[in-house]
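Novice: For reference, the structure I am asking about is given below.
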There are 6 protein chains.
Amino acid sequence: MRNVVVTGCPRADLGEVDALAGFGVATVHEAMGRTGYLGPGIRPIHLGARIGGTAVTVVCWPGDNLMIHAAVEQCRPGDIVVVTTTSPSADGAFGELLATALQHRGVRGLVTTGGVRDVAELHAMSFPVFCAAVSAQGTVKATAGAVNTAVSIGGQRIVPGDAIVADDDGVVVVPRQAVSATLAAAKARAGKENESREAFRRGELGLDRYGLRAVLAGLGVKYVDYESYREVDQ
Amino acid sequence: MRNVVVTGCPRADLGEVDALAGFGVATVHEAMGRTGYLGPGIRPIHLGARIGGTAVTVVCWPGDNLMIHAAVEQCRPGDIVVVTTTSPSADGAFGELLATALQHRGVRGLVTTGGVRDVAELHAMSFPVFCAAVSAQGTVKATAGAVNTAVSIGGQRIVPGDAIVADDDGVVVVPRQAVSATLAAAKARAGKENESREAFRRGELGLDRYGLRAVLAGLGVKYVDYESYREVDQ
Amino acid sequence: MRNVVVTGCPRADLGEVDALAGFGVATVHEAMGRTGYLGPGIRPIHLGARIGGTAVTVVCWPGDNLMIHAAVEQCRPGDIVVVTTTSPSADGAFGELLATALQHRGVRGLVTTGGVRDVAELHAMSFPVFCAAVSAQGTVKATAGAVNTAVSIGGQRIVPGDAIVADDDGVVVVPRQAVSATLAAAKARAGKENESREAFRRGELGLDRYGLRAVLAGLGVKYVDYESYREVDQ
Amino acid sequence: MRNVVVTGCPRADLGEVDALAGFGVATVHEAMGRTGYLGPGIRPIHLGARIGGTAVTVVCWPGDNLMIHAAVEQCRPGDIVVVTTTSPSADGAFGELLATALQHRGVRGLVTTGGVRDVAELHAMSFPVFCAAVSAQGTVKATAGAVNTAVSIGGQRIVPGDAIVADDDGVVVVPRQAVSATLAAAKARAGKENESREAFRRGELGLDRYGLRAVLAGLGVKYVDYESYREVDQ
Amino acid sequence: MRNVVVTGCPRADLGEVDALAGFGVATVHEAMGRTGYLGPGIRPIHLGARIGGTAVTVVCWPGDNLMIHAAVEQCRPGDIVVVTTTSPSADGAFGELLATALQHRGVRGLVTTGGVRDVAELHAMSFPVFCAAVSAQGTVKATAGAVNTAVSIGGQRIVPGDAIVADDDGVVVVPRQAVSATLAAAKARAGKENESREAFRRGELGLDRYGLRAVLAGLGVKYVDYESYREVDQ
Amino acid sequence: MRNVVVTGCPRADLGEVDALAGFGVATVHEAMGRTGYLGPGIRPIHLGARIGGTAVTVVCWPGDNLMIHAAVEQCRPGDIVVVTTTSPSADGAFGELLATALQHRGVRGLVTTGGVRDVAELHAMSFPVFCAAVSAQGTVKATAGAVNTAVSIGGQRIVPGDAIVADDDGVVVVPRQAVSATLAAAKARAGKENESREAFRRGELGLDRYGLRAVLAGLGVKYVDYESYREVDQ
């Protein structure tokens, strides 16, 4: 890792990002061909928020939040700060003071593979946080890292300026260059989901709607009456 | 595992199941002699629900929700769908579309050793879910499994038609044949607990109420004054 | 471990403990020089509480809550019961009946490295619980342990009578002898934090406020424009 | 759980079990249609053993090994003792003294979801152990459990007398009634594997041998030259 | 935590420590009344060693090994270095260069709640290491910690100069003041174990030797013949 | 993820990769500025191997090894196959048959975030494997993935053709373009380490060699004699 702060990164179009966020994490993930999800380990500290924004990335040393301070200056309205550490660390590298600084700059939330603290205060100030841990453990400001370099979380690559969508289902990243296409795909998918929802409300079965009876038959799944079924090998 | 969908399974009596559910998970687990609890790994996605129902079981391949679709057709009012996978998988195999289909059939909730998504939507539609993970990661419909075969979760065997009770404490299974006896035992236990609660509110001690002073003495536990106690060996 | 119940332990001054609790877990932890935090594994079962009190400690055998019953008798108003087990155990060793007994004695909450049950009931009775697990699994009363001996949780030593502060960020312990000094340090820190919060609201940067530009330069962190940066080694 | 010691359980035919063990865990698991595997969490304490035998099952309370002592008496030559606990426990409930008693009775090894100790001594006496943890933590003999009742480990049901095969890949259970059929299937599979091994040694590809090129094409997998591939959406 | 290096700590008598080590971790832990075990999470990187020595303790910041360097100077022949971090860290804070420095001073091994690297080289130089993780991830030397202050690992307090015994079963600490008494208890226990081992080799049962038939009967455990047992509630 | 098999990927120079491998994982990781390490979760199934090679990457669906079969055809002598899954999966997607096919093509080993089986056979055929799990659980060949696309493991990006070095410390990746520079840096570092090793053998301290006394003083670390130190705040 080069110890740099990269400035002037281009961002995904915020209008498109906002439209994308409206579809929620699960639909956006599907619209990308089931990629971009940062994994089940990153959770909201409070349920109920749904945000979209453009990534400002931060790499910190474990137990150290120096580079989050460096990142604040690079933030613009509409950004979401995305923090990772060079090795796993649950320490509370982020709290309400940093959130205050970010809110002043129009930042919409924080995503981190590490820990946060001041959970009650963050809730009171309506600053959404998605993280791997809550920890009051404090950090130092002693070791270098990077701001706005590409990072990987949950096997997904995040480049500064990429679109981030986060809600109760977790966090998804959409590459900046793919935002327009993903938005179109999300709209199409949402339309299909609306139709399916209506059908399911009326009692149609996924077995029929998705043609799954043939799939089951092709895989050799048998229908057996309870009386004739005996669990001999279970 | 035989790849089957077992049809026409008998269910526990729904009236008894409803009565059982009123006692909550912890009391039902105690009434069964401290068995049937599916373990601390399965949690509600939102606190505050308490449901009872009859089990429709599903075994899926990891990353695959084909058999949940097959299970929908087997569901009746009062059922709770219980999903497990052939190996651990946190993927979001269940979401609001499947919940819509299940609600149409009168299903009361979902229990899964895997993951779910559309957490906000599931809450909005008041469909209780108890799961091991939340994940937006999508699944395929490509590999066979089973519906309504016996499964084991947390070391507890669940046979289709067994009673399921779930609340903020997790999930407990009561074998169909044991529902009546467990209901009687739960009533008896709840009565005793009411008496104990009253006694504790008045200031009686469990030490006295449960005869534990003799137990402590028998085990050699000594009462030592702070001044005379020295932690020589700690 | 000696199997003892130590009686008559001195407590930290409850007025000072109450004042300390007002600052919250993160600030108290910082005021102690970043020590005393019991770790991210102990979480509130419901968000929103902030409590302080004096520790009554309990050591239980796994799957056994005999010593919690013994501890009730040792509790006074203002206490917080702190439970640990001789080896990790998620079993639900604590529930609403024990909470009822503790509330009668003026106990303010429970901290445990183990599990609790009756989550809905504990919430209804406003008894704050901080724990490592929720589990309906019941326990026995068969094996000896200790009450009011020193214990260690998350690498932090807790001596009976120490101050405990717990909120949405977790749990911190302050040694009885250090409460006054920590209270003074917490006040000083909170004052500084208020000033920083105001500055951040006005748009000042931590980089400037904490003199971090020099730190970054000293560590060799370079500012590089996006156009000239190429991720050759990433 | 009823607190019982079930006596006189029938066992799988030891000659067939021995033949089955020769194929190893992975092949036996495949021969059963990919069932019976107790999961990756149960590992040998030393690599290099491969054993087969008939299950004597034990259910212990966490931190308690009373029922293992009760199980010793029920063991016959060719048995493998299979231990689980009512809730997860890593304590060292088994060591070289119990192994000495079991070896006297012709028991071939131990499988446990819990912990063991005396690792060096167990190796010196050539007693194979497959477990979830190594722990020196001692246990008591104070709480009831069961011997030779059906248990579930890793979602697999183990009935007393079932065949157990264990090696460096872990542990698999074969229901007593299924041993003959599984043995035949394992032989058939091993024959096929021998042919595949020879083919692969000569350079044949699985793509051709298993007809996977058509599968890839049917799934839409494209072959793209490095020069023309651009990771636009990654 | 005060940032100090405490010098001139008294050590447990090395002759007694050596005698104690001969009994192994499990027996020493039992001889202390089942305390002192650092838990199943700390494992040898290679099986087969059994060491004893006197503790030099180190507290490091995560991702930082500065204080291990400070600790080297405080080491004497017969010491074992015991490292912990202020929050969990798997980074490879220790490797063969530090081991070389420690071997020069007569140090017998390393125990750490963190990570180590150079596993092959440590084995080649016969320096026993007991750790929670292996990781090549490097560390910095930027943040203060402590040498020779009391630390807690796995709930057990370790004071500098305490006796440490480590083998394939993990690590146990014996307080300096308790070494003589523990040595006597270990001898007594080993004698009893020898007798039990002989008895078990002859076929005596623990049920008889330890009087457990009465315990089982007292707990209500029934002996049931296989033919008459039906698992109605399992 | 696009479902592709990318062909004709350029590789790092095998002579340089071999030279790099000679330095081992920890030194290579340091030579890259402490990057490239895939994390402590990927471990050798047998200690004692040290390999280098060029990456052929594979992305599989959980519970599915179709794409590993597709990857075999893309392998050349000197390659190391690097497997990851779209969501975590411990299933045994790789065993001795696939290893046989890979050995025929001159592949030097396997790295996977998933599971492997046939551990004994893999050892017998001297095929080094570095993995997150051992599991006999079988997989299907039903869902698409990718071969030779960029993947991320442990936050590190691996592009096909990059250098992989693996030994008892785990696995490190070196970007193809950075191999020459990393080799030079590794040589320089190894030279310095040789000098330090000699110095430490003679008894020099890291405190002096690395100038750490000044660092400790600058951080306010105090040396305190045991007699005058009192742990008032611990």
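Novice: Using R₀ = 30 Å, calculate the FRET efficiency as 1/(1 + (r/R₀)^6) where r is the Cβ-Cβ separation of C:Arg209 and A:Ala124; round to 0.05. Don't skip to the answer; put the middle values down first.
Specialist: Values: r = 23 Å, r/R0 = 0.75.
The computed FRET efficiency comes out at 0.85.
Novice: Name the shape class, rounded, prolate or oblate, that the alpha-carbon gyration tensor gives for the range F:114-169, where a ≥ b ≥ c are the square roots of its eigenvalues, rounded holds for a/c under 1.5, and otherwise prolate holds if a/b is larger than b/c and oblate otherwise.
Specialist: Numbers: a/c = 2.03, a/b = 1.19, b/c = 1.70.
The shape class here is oblate.
Novice: Now a separate question. Taking every DSSP beta bridge that has both residues in chain E, what percent is antiparallel when rounded to the nearest 5? Don't skip to the answer; put the middle values down first.
Specialist: Numbers: 17 of 35 bridges.
DSSP beta bridges in chain E are roughly 50 percent antiparallel.
Novice: Can you list, shortest first and in nm, the gaps between the label point of B:Ala19 and those of its counterparts in the other copies, using a point 7 Å from Cα in the C-beta direction?
Specialist: The projected label point of B:Ala19 is separated from its counterparts by 5.4, 5.9, 5.9, 6.8, 8.3 nm.
Novice: Can you give the net charge of the other residues whose Cβ lies under 13 Å from the Cβ of B:Gln137, counting K and R as +1 and D and E as -1?
Specialist: On the way: positive: A:Arg34, B:Arg117; negative: A:Glu30, A:Asp169, B:Asp64, B:Asp91, B:Asp118.
Once positives and negatives cancel, what remains is -3.
Novice: Let me ask something else. Would you calculate, for chain E, the mean residue ellipticity at 222 nm contributed by helices, counting each DSSP H stretch of 4 or more residues as -39,500 (n - 2.57) and dividing by all residues, to the nearest 500?
Specialist: Working: 8 runs with 73 residues, N = 234.
Only helices count here, giving -9000 deg cm²/dmol.
Novice: Let me check against my output: what whole-number percent is the relative contact order of the range E:1-147, with C-alpha pairs under 8 Å and at least 6 apart?
Specialist: Relative contact order for the range E:1-147 comes out at 30 percent.
Novice: Pairs B:Lys187/D:Lys141; C:Lys222/F:Lys192; C:Lys192/E:Lys141; C:Lys141/E:Lys222: which exceed 23 Å Cα-Cα? If you can, show how the numbers build up before the last one.
Specialist: On the way: B:Lys187/D:Lys141 32 Å; C:Lys222/F:Lys192 27 Å; C:Lys192/E:Lys141 29 Å; C:Lys141/E:Lys222 21 Å.
With Cα atoms farther than 23 Å apart: B:Lys187/D:Lys141; C:Lys222/F:Lys192; C:Lys192/E:Lys141.
Novice: Smallest Cβ-to-axis distance in chain D, for the rotation taking D to B: which residue, how many Å?
Specialist: Looking at chain D's Cβ atoms against the axis toward B, the nearest is D:Ser152, 2.
Novice: If you average the C-alpha positions of the range C:1-34 and of the range C:164-181 separately, how far apart do those two centres end up, in angstrom?
Specialist: 5
Novice: Something else about it: To the nearest whole number, what is the average tally of beta carbon atoms from other chains within 10 Å of the beta carbons of peptide D:158-168?
Specialist: Values: counts 1, 1, 2, 1, 0, 0, 0, 1, 0, 5, 11.
Per-residue shielding by partner chains comes out at 2.
Novice: Work out the mean other chain Cβ neighbour count within 10 Å for the residues of D:32-38 and drop it here as an integer. Present the calculation step by step, with values, prior to reporting the outcome.
Specialist: Values: counts 3, 5, 11, 8, 4, 9, 2.
That works out to 6 on average.
Novice: Now for a separate question. When a/c is below 1.5 the answer is rounded, else prolate if a/b is larger than b/c, else oblate, so apply that to the range F:1-134 with a ≥ b ≥ c taken from the square roots of the Cα gyration tensor eigenvalues. Walk me through the numbers on the way to the answer.
Specialist: Details: a/c = 1.33, a/b = 1.22, b/c = 1.09.
Rounded, since a/c falls under 1.5.
Novice: Find out how many positive minus negative residues lie around A:Tyr37, taking Lys and Arg as positive, Asp and Glu as negative, among other residues whose Cβ is under 11 Å from that of A:Tyr37.
Specialist: So the environment of A:Tyr37 carries a net charge of -1.
Novice: Excluding C:Val116 itself, what net charge comes from residues whose Cβ is under 12 Å from its Cβ, given Lys and Arg +1 and Asp and Glu -1? Walk me through the intermediate numbers first.
Specialist: Working: positive: C:Arg43, C:Arg117; negative: B:Asp168, B:Asp169, C:Asp91, C:Glu96, C:Asp118, C:Glu121.
Residues near C:Val116 contribute -4 overall.
Novice: Karplus couplings for the range F:165-170 from phi (6.51 cos²θ - 1.76 cosθ + 1.60, θ = phi - 60°), rounded to Hz, Gly and Pro as x?
Specialist: With coefficients 6.51, -1.76 and 1.60, one gets 10, 9, 7, 4, 8, x Hz.
Novice: OK, next. Taking the highest mean first, how do the peptides E:9-19, F:136-146, B:109-119 order by number of other beta carbon atoms within 10 angstrom per residue? Before the final figure, lay out each step's value.
Specialist: Details: E:9-19: 17.6, F:136-146: 24.8, B:109-119: 26.8.
The most tightly packed comes first, giving B:109-119, F:136-146, E:9-19.
Novice: May I ask you to report, in nm to one decimal and beginning with the shortest, the distances from F:Gly48 to the same position in the other copies, taking label points 7 Å along Cα-to-Cβ?
Specialist: Those label-point separations list as 0.9, 0.9, 6.0, 6.1, 6.1 nm.
Novice: Given an 8 Å cut-off on Cα distances and at least 6 residues of separation, report the relative contact order of the range F:17-92 as a percent. Numbers along the way, then the final one.
Specialist: Details: 71 pairs, mean separation 22.5, N = 76.
RCO, the range F:17-92: 30 percent.
Novice: Label position 7 Å from Cα toward Cβ: report the copy-to-copy distances for A:Lys222 in nm, one decimal, ordered from shortest.
Specialist: Between copies, matching label points for A:Lys222 lie 3.8, 4.3, 7.0, 7.0, 8.0 nm apart.
Novice: Follow-up question, since we're still on this one. For the protein assembly as shown, what does the alpha-carbon gyration tensor say about shape, rounded, prolate or oblate, given a ≥ b ≥ c as the root eigenvalues, a/c under 1.5 as rounded, and a/b over b/c as prolate?
Specialist: Cα axes put the protein assembly as shown in the rounded bin.
Novice: Pull up the DSSP beta bridges for the range B:1-131 and report the antiparallel fraction as a percent, rounded to 5. List each step's numbers first, then the result.
Specialist: Values: 2 of 17 bridges.
Of the beta bridges lying entirely in the range B:1-131, close to 10 percent run antiparallel.
Novice: Among C:194-203, E:96-105, what's the highest-first ranking by average C-beta atoms within 10 angstrom per residue?
Specialist: Numbers: C:194-203: 13.6, E:96-105: 20.9.
Packing proxy ranking, top to bottom: E:96-105, C:194-203.
Novice: Also, quick follow-up: Alpha carbon centre of the range D:216-231 versus the range C:43-97: separation in Å?
Specialist: When both Cα centres are located, 59 Å separates them.
Novice: Take every DSSP beta bridge whose two residues both sit in the protein assembly as shown, then give the antiparallel share in percent to the nearest 5. Kindly include the intermediate steps, with their values, before the conclusion.
Specialist: Details: 102 of 237 bridges.
About 45 percent, rounded to the nearest 5.
Novice: Using only Cα atoms and rounding to the nearest 10 degrees, what angle (0 to 90) does helix E:179-202 make with the longest principal axis of chain E?
Specialist: With rounding to tens, the tilt is 40 degrees.
Every read-out reported here was derived from the displayed coordinates using simple, explicitly stated rules and does not represent laboratory data. Given the structure is predicted, the values throughout are model-derived calculations rather than measurements. Note: ideal-geometry Cβ built from the backbone for every residue, glycine included; neighbour counts use all protein chains shown.
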